[in-house]
Amino acid sequence: MSKRIETTCVQGGYRPKNGEPRQIPIVQSTTFKYDTSEDMGKLFDLEANGYFYSRLQNPTCDYVAAKICELEGGAAAMLTSSGQAANFYAIFNIATCGDHVVASSSIYGGTFNLFSVTMKKMGIDFTFVSPDCTEEELNSAFKPNTKAVFGETIANPALTVLDIEKFASAAHAHGVPLIVDNTFATPVLCRPFEFGCDIVTHSTTKYMDGHGSAVGGVIVDSGNFDWTAYADKFPGLCTPDDSYHGITYTERFGKGAYITKATAQLMRDFGSTASPQSAFLLNLGLESLHVRMERHCENALAVAQFLSSHPMISWVRYSGLEGDKYYELAQKYLPKGSCGVVSFGVKGGRKAAESFMKALKLGAVATHVADARTCCLHPASSTHRQMTDEELNAAGVGADLVRLSVGLESKEDLIADLKQALEQVK
Ligand SMILES: *Cc1c(COP(=O)(O)O)cnc(C)c1O
C-alpha cells in the first residue's frame, strides 16, 4: 500500500515479521553460507535471489535502498559508497567509450570534474548547457551518440533550479533518459519522477544522513524508460551479457534491468559498495528526514528574508524567496521549500566576506553542507582560493559569495548571529 512520504521515511523498506528486530539488523558479514554449490551457482547466474558476497549486495544496504526507492516512487534502487560513485555508475551503466552525454553546467564541482576530466579520459564526451537554456539550445546539444541527460534539481552551490520537464522532454525526444541528482531537494521537497525524470541519484552524505556522519550515495530507477524501444543505443541492457552467461537484462529483469546491470557488472568490477554500518546510520537519518527538511526550509527562508533587507548584503540567492530568479520554477518543483542552503554577497567583496565569517559564532567554517549544524563557506578564500577575481566571476562564484548551510538551530539565534557578525565587518 502506498503511504504518505512521512510514513515511508519512518517505516519504509524494512518490514519486520513476527518476532523479528524492530530496528534494521546490521548484517556485518562479508559472505553468506550455502549447503550446496548448486544453490550458490544459481545466485551467480542471477537465477535465484539471495546474498553471496557483500561487495554486490548486503541485506542491511538493501533495506535502506528499498526505503529510498519508495520515497522517490521508483522501481529499483542500490546504495553506493558515495555520491560520486552513484553519479559515475548512473552514467557509466549506459554510456561507454565513444559515447556522449548532455549535462547542465550548473552542477556540483566534484561531479563536473568527474565528467569533464576523469570520464573524458575514459572516452565519454560531455556537452554542458546552461540550465536556463532555451529548448532550441538544449536540442542542439544532442549528437547521434548521446546516451543520457544529467542535471541537479537544486544545484550545489549555484542554487539554480532545474526545469525538469524541459530537460526530460528534450531527453525523450532524442531517445535517452534524464538522470537527476536530487541531493539538495530530497524526495521530501521534490520527486523528479513525477516530472518525467527517469533515474535519480543522491549523495546521501548530505540531508538524507543529515548529521554529517556517513558518506554514501544511492541510485534509483523509475523503471519508466523503455530501453528496448532504443535497443541500438543501449546494447548493454538489450543484448546478451557474455560476462553473465548470456543474460539479457531487459528480457530477464524488466523494470529492474538498469539496477540489476549496475549491481551485477559495475559493483562486481568497481566495488564502490556501501558498508552495512553506514547504511544503518543513513537509515537513522531517513527516519527524521521529513521533519528536518521542513525546519531547514523554514530557517533558511527566515535567514534569506533577513539578509535581503540588510544594508551590508548586496544580493541573496534562495529560490524560495519572492523575487529570486528561480522563484517561479521553485513554486512548481519545490512547493514545500527550497532546502537549507542560501548564498549571498557581502558588500566590500573578498575582505568583507572574510571578516564576516571570522565573526560568526554559530556558523562553523566547513566545506560540508546540508546537515543539522549551520555551517558556511567562503569559496574565494578556501575551495577556490587559487583563482583570481576574474576567474571566480567566470565560474559564477564571485569573490563576495558566502554559502550558508542553514541548520536546525533556533532561527532567532541564527539571525542574531548573522546580525552581530555583519556589524563587525570592516
Ligand atoms: C556532495 C555532492 C555530491 C558528491 O557526493 P559525495 O557523497 O561527497 O561523494 C554529488 N552531488 C551533489 C549535488 C553533492 O552535493
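The values are calculated or read from the model by the stated rules, or taken from the named source; none is laboratory data. All values derive from a computational prediction rather than experimental measurement. No Cβ is skipped: glycine too gets one built from the backbone with ideal geometry, and neighbour counts run over all protein chains shown. What goes into the accessible areas is simple: the full protein's heavy atoms, side chains included, and nothing from ligands, DNA or RNA. Shrake-Rupley method; radii C 1.70, N 1.55, O 1.52, S 1.80 Å.
Matching residues to (1) under 30 Å from Val316 (Cβ atoms); (2) surrounded by fewer than 22 Cβ atoms within 10 Å (Cβ to Cβ); (3) more than 15 Å from the ligand (Cβ to nearest atom):
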| site | (1), (2), (3) |
| --- | --- |
| Gly83 | yes, no, no |
| Ala86 | no, no, no |
| Phe112 | yes, yes, no |
| Thr146 | no, yes, yes |
| Leu162 | yes, no, no |
| Lys166 | yes, yes, yes |
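For region 22-56, the candidate set comprises residues that are open to solvent by 60 Å² or more (accessible area, probe 1.4 Å) and touching a strand residue (DSSP E or B) at 6+ places or on another chain (Cβ under 8 Å); within that set, the residue that is nearest to His245 (Cα to Cα) is Tyr53. Pairs linking a residue in region 358-376 that is under 17 Å from Ala214 (Cβ atoms) to a residue that is modelled with pLDDT of 95 or more and charged (D, E, K, R), with Cβ atoms under 6 Å and 6 or more positions apart or on different chains, are Ala370/Lys206. Annotation: of all residues in region 377-387 being in a helix (DSSP H, G or I) and touching a strand residue (DSSP E or B) at 6+ places or on another chain (Cβ under 9 Å), the one that is farthest from His211 (Cα to Cα) is Ala380.
The lone criterion from (1) farther than 30 Å from Phe167 by Cα; (2) open to solvent by 40 Å² or more (accessible area, probe 1.4 Å); (3) hydroxyl-bearing (Ser, Thr, Tyr) left unmet by Thr228 is number (1).
Looking at region 405-422, is at least one residue within 16 Å of the ligand (Cβ to nearest atom), more than 30 Å from Glu194 (Cβ to Cβ) and hydrophobic (A, V, I, L, M, F, W, C)? Looking for residues that are within 16 Å of the ligand (Cβ to nearest atom), more than 30 Å from Glu194 (Cβ to Cβ) and hydrophobic (A, V, I, L, M, F, W, C), one finds none in region 405-422, hence no. Scoring Ala185 on the criteria (1) open to solvent by 10 Å² or more (accessible area, probe 1.4 Å); (2) within 16 Å of the ligand (Cβ to nearest atom); (3) touching a residue at least 60 places away in the same chain (Cβ under 8 Å) leaves a single failure, condition (1). Of the helices (runs of 4 or more DSSP H) contained entirely in region 1-75, those carrying at least 3 residues that are closer than 16 Å to Met208 by Cα and in contact with a Lys or Arg (Cβ under 9 Å, 6 or more places away or on another chain) fall at 5-11, 59-72. Can we say Gly123 is surrounded by fewer than 21 Cβ atoms within 10 Å (Cβ to Cβ), in the same structural domain as Asp198 (by TED's automatic domain parsing), of a type in the set (Gly, Ala, Ser) and at positive phi? Yes, satisfied.
Counting only residues that are of a type in the set (A, V, I, L, M) and more than 23 Å from Val200 (Cβ to Cβ), which one in region 28-69 is nearest to the chain's Cα centre (by Cα)? It would help to see each step written out before you state the result.
Initial filter on region 28-69 (of a type in the set (A, V, I, L, M)): 40, 43, 46, 48, 56, 64-66, 68.
If we keep only those that are more than 23 Å from Val200 (Cβ to Cβ) as well, we get 40, 43, 46, 48.
Working: Met40: 35, Leu43: 31, Leu46: 29, Ala48: 31 Å.
Restricting to residues being of a type in the set (A, V, I, L, M) and more than 23 Å from Val200 (Cβ to Cβ), the top hit is Leu46.
Scanning region 326-352 for residues that are part of a helix (DSSP H, G or I), open to solvent by less than 10 Å² (accessible area, probe 1.4 Å) and out of contact with any helix residue (DSSP H, G or I) (no Cβ under 7 Å at 6 or more places or on another chain) turns up Ala330, Ala352.
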